[in-house]
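Undergrad: Encoded as structure tokens, here's the structure I'll be asking about.
Read-outs throughout are calculated quantities, based only on the coordinates presented, and are distinct from any laboratory measurement. Source: prediction; values computed, not measured. Neighbour counts are summed over all protein chains in view; Cβ atoms, including those assigned to glycine, are modelled from backbone coordinates with ideal geometry.
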Amino acid sequence: MKRADSVGKTHKRRELMADGRRYIIYYTFDQTEKSTTESVKNEAEKNV
Amino acid sequence: MSELRWNPLLGEWLATATARQDRTFLPPKDFCPLCPTAPGGFPTEVPEPVYDIVVFENKFPSLSPNPPEPAIESTELYPVEKSFGECEVVVYTPNHNSTLAAEPVEQIYKLVQVWTDRFRELSKLDFVRYVFIFENKGEAIGVTLHHPHGQIYAYPFVPPRIEKELEQSRLYLEKHNRCLLCDIVAEERRDGRRIVAENDSFAAYIPFFARYPYELHIAAKRHLPDLTQFSTAEQIDLASILKQVLVAFDKLFDVSFPYMMVLHQKPSGGDYNYYHFHIEFYPPMRSATKLKFLAGSETGAGMFINDTLAEEKAFELRRLVEPVIWKND
């Protein structure tokens with residue numbers, strides 16, 4: 001499955017939110033983790 | 001205050017959720033609670049920037065795993081229950097100005113993976129009877145946050161509209177020994193006039209019985225009761241057809257097209273394998289400048305009046321459908 005390979009395996013990380021009450025789940029995928037990190041950093045900086 | 005109140009006239013529950021009156025309403029981009037928290041910026045709901053898609057419990061839930069005591073006592077006529085359930089927010093992308101239509105098809109494929117995971121996980125909760133995945137998009141629908149996101153409600157009962165579809169599907173199976181939606185998909189494909197897009201696994205069409213001018217359904221060609229039973233090829237095909245439909249919607253009036261998108265799947269537990277997975281879109285626009293309002297007949301009688309023909313609206317959308325290109329193609 002070439003198309004599925006272009007995304008890669010799913011990874012999820014579950015944490016408690018700052019209020020100590022609710023959960024948050026981060027989903028990342030093998031093939032995009034690095035590029036997403038960069039584009040999100042740029043987006044976050046623009047939001048300051 | 002949050003509780004379930006029984007409506008004896010209709011035989012169905014409604015939820016009160018008074019805290020939702022105070023929820024964030026159309027904040028400026030710099031104060032979007034769904035953006036990743038920026039260094040030195042105000043703390044958002046998403047403290048870390050490293051993710052493709054993020055899911056968290058809604059700050060203003062109408063259903064909760066730890067619901068408060070009801071604000072009012074039950075009577076025989078008016079039963080009241082604690083509002084058990086779960087309300088999650090699904091942030092489609094860290095990019096504030098995007099939409100699902102604007103995201104690459106690979107991102108929609110990731111969303112299908114996340115939907116599947118959430119459906120599987122929430123269905124396991126002992127107080128959950130139905131997992132409902134949906135998106136409200138656009139101010140015309142009443143969204144309060146523009147950042148691209150959907151929601152998931154895990155109800156402690158099967159909601160009335162799904163109950164009605166289940167009953168119709170069960171009666172049809174008893175009478176014809178076939179799945180109702182399998183026959184609907186076959187009929188739409190045989191006729192062809194209402195088909196908008198199609199691939200190996202799915203058909204997108206404006207149904208014969210559309211209530212909104214651009215109401216569109218995406219149904220699996222194979223009999224699949226829920227997302228957890230999809231093959232990888234079917235997940236890929238679902239992402240592809242969603243991308244095609246969403247792009248066609250945006251091209252229709254050259255606007256970011258508002259819609260409600262809802263996933264209909266089988267309830268949690270029980271023997272509901274006769275039910276057939278599909279997605280329904282209810283866009284409120286009936287032309288480039290006019291909205292379809294739910295007025296007296298629709299709201300007061302439950303009888304929809306559609307001012308258009310499904311065959312004509314399908315033709316308008318079909319000519320806007322483009323091929324989907326995956327990066328690896």
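Undergrad: Taking the Cβ-Cβ separation of residue B:98 and residue B:76 as r and a Förster radius of 35 Å, what is the calculated FRET efficiency to the nearest 0.05?
TA: Numbers: r = 51 Å, r/R0 = 1.46.
With R0 = 35 Å, the Cβ-Cβ based efficiency is 0.10.
Undergrad: What is the spread of the Cα atoms of chain B along each of their three principal axes, largest first, in whole Å?
TA: 55, 54, 40
Undergrad: How charged is the neighbourhood of residue B:175? Take every other residue with its Cβ under 13 Å from the Cβ of residue B:175, and add Lys/Arg as +1 and Asp/Glu as -1. Write out the running numbers ahead of the final one.
TA: Values: positive: B:170, B:178; negative: B:167, B:174, B:183.
Computed value for this residue: -1.
Undergrad: Eigenvalues of the Cα gyration tensor times 5, then square-rooted: what semi-axes does that give for region B:248-309, in whole angstrom, largest first? Write out the running numbers ahead of the final one.
TA: Working: eigenvalues 162, 69, 16 Å².
After diagonalising the Cα gyration tensor, the semi-axes are 28, 19, 9 Å.
Undergrad: For the protein assembly as shown, take every pair of Cα atoms, bin their distances at 10 Å starting from 0, and report each bin as a whole percent.
TA: Computed distribution, short to long bins: 5, 22, 33, 28, 11, 2, 0.
Undergrad: Still on this structure: Using the Kirkwood radius over Cα pairs, work out the Stokes-Einstein diffusion coefficient for region B:177-282 at 37 °C and 0.692 mPa s, in µm²/s as a whole number. Can you show the working numbers first?
TA: Numbers: Rh = 14.3 Å.
In µm²/s, the coefficient is 229.
Undergrad: Here's a follow-up. How much FRET efficiency would the formula 1/(1 + (r/R0)^6) give for residue A:16 and residue B:222, where r is the Cβ-Cβ distance and R0 is 41 Å, rounded to 0.05? If you can, show how the numbers build up before the last one.
TA: Numbers: r = 40 Å, r/R0 = 0.97.
That gives a FRET efficiency of 0.55.
Undergrad: On to the next question. Straight distance only, please: which aspartates and glutamates reach the Cα of residue B:292 with their own Cα at less than 19 Å, same-chain residues fewer than 8 apart left out?
TA: Residue B:292 reaches B:135, B:139, B:215, B:250, B:254, B:280, B:307, B:311, B:312, B:316.
Undergrad: How big is the gap, in Å, between the Cα center of region B:221-261 and the Cα center of region B:130-176?
TA: Each part reduced to its Cα centre gives a spacing of 16 Å.
Undergrad: In nm, to one decimal, how far is the modelled label at residue B:211 from the one at residue B:120, with both set 7 Å along Cα→Cβ?
TA: Rounded to a tenth, the inter-label distance reads 3.3 nm.
Undergrad: Take the Cα of residue B:315, step 7 Å along the line toward its Cβ, and report every residue of region B:197-216 whose backbone nitrogen sits under 18 Å from that point.
TA: Residues passing the 18 Å test: B:197, B:205-210, B:213-215.
Undergrad: Could you tell me the number of lysine pairs in region B:1-154 with C-alpha atoms less than 20 Å from each other, where the two lysines are 8 or more residues apart or belong to different chains?
TA: On the way: B:29/B:59; B:29/B:137; B:59/B:82; B:59/B:137; B:82/B:124; B:110/B:137.
Value for region B:1-154: 6.
Undergrad: At 18 Å minimum axial length over the Cα atoms and a Kyte-Doolittle cut of -1.0, report the qualifying DSSP H helices in chain B, or say none.
TA: Details: long enough: B:105-123 (27 Å, -0.35); B:160-176 (24 Å, -1.49); B:232-252 (30 Å, 0.67).
Within chain B the helices that satisfy the rule are B:105-123, B:232-252.
Undergrad: Over all directions, the average projected area of the alpha-carbon convex hull for region B:42-167 comes to how many nm²? Could the numbers behind the result be given before it?
TA: On the way: hull surface 42.9 nm².
Mean orientational projected area (region B:42-167, Cα hull): 10.7 nm².
Undergrad: Can you put B:261, A:17, B:303 in order of Cβ neighbours within 10 angstrom, beginning with the fewest? Before the final figure, lay out each step's value.
TA: Numbers: B:261 21, A:17 15, B:303 10.
Ascending Cβ contact count within 10 Å gives the list B:303, A:17, B:261.
Undergrad: Now a separate question. Using a simple spin-label model with points 7 Å from Cα along the Cα→Cβ vector, what separation in nm is obtained for residue B:301 and residue B:328?
TA: It is 5.4 nm.
Undergrad: In region B:222-249, whose amide N lies under 19 Å from the spot 7 Å out along Cα-to-Cβ of residue B:173? List them in ranges.
TA: Only B:222-230 pass the distance filter.
Undergrad: Give me the extension gain from residue B:232 to residue B:253: residue separation times 0.36 nm, minus the current Cα-Cα distance, reported in nm with one decimal. Walk me through the numbers on the way to the answer.
TA: Details: separation 21, 0.36 × 21 = 7.56 nm, distance 3.35 nm.
That works out to 4.2 nm of additional length.
Undergrad: So which cysteines in the protein assembly as shown don't have a second cysteine's C-beta under 4.7 Å from them?
TA: For the protein assembly as shown, the answer is B:87, because their Cβ atoms have no other cysteine Cβ under 4.7 Å.
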